[in-house]
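So the structure is just underneath, and the comments pick up after that.
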Amino acid sequence: MSAPRKLLTTFDKILLGGIVLGVLGICVLTVVFYSIWVNPRGRASNPTPLAGLPFETPPALTLDFPTPTLLSTLEAGIPPTLIPSPVPSFGGDAPLIGRIVFTCYVKQIDQICLINADGSERRQVTEAEATAYYPSLSPDGQTVYFSSRRGGQFEIHSININGKDVKRLTRGIGSLYAPELSPNGDWIVFTNNGNGLWVMKPDGSNPHAITSSDDIDPTWSPDGSMIAFASSRAGKRQLFVMNADGSNIRQVTDLKDMGGRSSWSPDGTRLAFYAGPAGDHNIYVINVDGTNLVQLTNGGDNLGPSWSPDGNWIAFTSFRDGNNEIYVIHPDGTGAINITNNPISDWQPRWGR
């Protein structure tokens, strides 16, 4: 009887050992499968660089979001019919940079004033005893060119933006207005009233005509290769462009009640100008080839537009509050802002750096 009892005991031990090993195997497999499920690439959550090799954290995941929908542009107040593609980044985040020179009516005399484009640091530049107007800024933003009759008739003058070093550049060649220095600083173009458009060197030397018709208010293209101007050479006044030497004159507009001063977009593809009956002028933009005319303002008698150097704004004069003031607006007609607010008249803005 004793032998059978001993054999059973040995068998029980073998069976028990097998059960234990099976349980341990199941536990090990469970741990392995769990690790693979949590971290499928077998990469530790905080890996340690290998000795002697650089370690780079994997780049963050980036998502491509869809472009704004028509609804979002309408909510932003941008007319969908005026939006080129892609949607321009105008709106409230476009800063007002540079300076604006303009005519200010001080103590019954037109003077030249200067203001930061955001409306800060307004100051009077001239202390003339006779009319000083039609100002423009040099490309470097340091010199103002203007017309003044301090010598008896209207002549072209220059002055530093700090109000010093006034120079008379012309003498006795006519009644002269609207001077503007070319982008390369080589020539000043201006109106010789009734005698066409003229150019001269910045020191006043070598003045000569480049047109001979009733042409007014010239302005250089951004690259200096062309000049835009207003003229009645075709009957009623219209906007024209020509090469800088006066050749290849082309008519841009065919509208009623055209104004005078215009301004090029910084990329040279469009012109801003004003038109409309007396007391109801509005600001427009048009492609240089005469296509895609867009009206930016509606009411307020708006005059003399000038494009900002960054292309995001157009400055202009408006009588909408009962007094001439300087406003700015985006080239799509949104976001008008009043940057001057004075009892005196502020007008003829020209934007510069």
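Here, each number is a calculation from the coordinates, and none is a lab measurement. Just so you know, these numbers come straight off a predicted model, no measurement behind them. Neighbour counts run over all protein chains shown; Cβ positions are idealised from the backbone, glycine included.
Summary of computed values
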{"read-out": "Span from the the range 209-251 Cα centroid across to the the range 126-166 one, whole angstrom", "value": "23"}
{"read-out": "Net charge of neighbours whose Cβ lies under 10 Å from the Cβ of Ser148, counting Lys and Arg as +1 and Asp and Glu as -1", "value": "0"}
{"read-out": "Aspartates and glutamates with Cα under 19 Å of Lys107, excluding same-chain neighbours fewer than 8 positions away", "value": "Glu127, Glu129, Glu325, Asp346"}
{"read-out": "Given charges at beta-carbon only (K, R positive; D, E negative), |dipole| of the range 119-222 in Debye", "value": "300"}
{"read-out": "Nitroxide proxy distance, nm - points 7 Å out along Cα→Cβ at Asp267 and Asn160", "value": "3.8"}
